[in-house]
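The next block holds one structure in the form of structure tokens; read it before the comments.
What follows draws every value from the coordinates through simple rules; no lab data is involved. Fair warning: this is a prediction, and the values are worked out from it, not measured in the lab. So basically every Cβ, Gly included, is an ideal-geometry build from the backbone, and we count neighbours across all protein chains shown.
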Amino acid sequence: MNVLPYHHDWPLLADGHFGLQMHWFGRYAGYPEWAVERSRLAPQMMSFFFVESSSCWAEINGTRLELATGDFVIIKGGDEFEFGHDPRAPHVSLSASLAISQGGEPNVLLQRAFPRRCSWHSHTEFVSEFEKVLAVLGGTTVGQGFALHGAVLQWVAYLMRHLHAPLQKGAVTPGGRRGLDAILHAQRWATEHLAEEITLADWAAAAGMGAVYFGRLFKRETGRRPMEWLNERRLQLAVQQLMHSPRAVAEIAQDCGFVCPFYFSRVFRRRYGCPPSDVRRQPHQRLQSAL
């Protein structure tokens, strides 16, 4: 009698376990008033910026770069950046911000030695590859999520083939908790406990640090104090729930960690310039500049 092998006895061809987080991916500008005010990229993200036509400028961590058609710039997690152009000659750009997680690492792209800036060897090829993702992004077919993940991973593979980005020496390994990785771990923990009361001491303990050191490290890596970041994250979650859930405002406030609905309403109005109830009536007009 022949004994058939179990499927796990077969050779393993691939084992990726990739996750995708994407904040934007699109074609931007082409109009005079375009500008990106001084901002700081989220620690776990990486942003790619390509000038499709005309010219613009970027300031990254205090260094100004003059960019022309075909120029390509990478912004890494924690970088401070600003963009602008001559309104008399508006440029057009292709830009993406994403993170690809694998194992315990929130963004394996940050482990790669990408150049800060380069001129793309084939302008038309880059645009063509970028538009492949845009075509999937605008689709509504069954399996849309899988198709989008695949298209983005293929685009990233295209970038890495042409930029020859090796692993950086001393890159943080999955499970490490040094510097930025420790703060990313702390942010993930807080996100999973947003509905609960979170004190600075408890948060620092969850990250394996004392409160004072945790506060200094968090501010250094993110540009914000821990509780400032936490309130902002809670407000962002509240906005999403207000826009997409019919539940009462008080229930949403509690789910997002605001025990007192009056306090929630006050900090919401201070952040977005309108009460929470207005989000449901005019979400795009009211929050266009805040989200």
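Quick notes on this structure:
- Helix runs (DSSP H) in the chain reaching 24 Å along axis by Cα, Kyte-Doolittle at least -0.5: 144-163
- Top positive-direction residue, dipole computed over the stretch 55-162 with Cβ charges, set F146, P90, S55: F146
- Separation in nanometres of the label points that stand 7 Å from Cα toward Cβ, at S53 and Y213: 5.5
- Taking the empirical scaling 2.2 N^0.38 Å for compact globular proteins as reference, the chain has a Cα radius of gyration ratio of 1.14.
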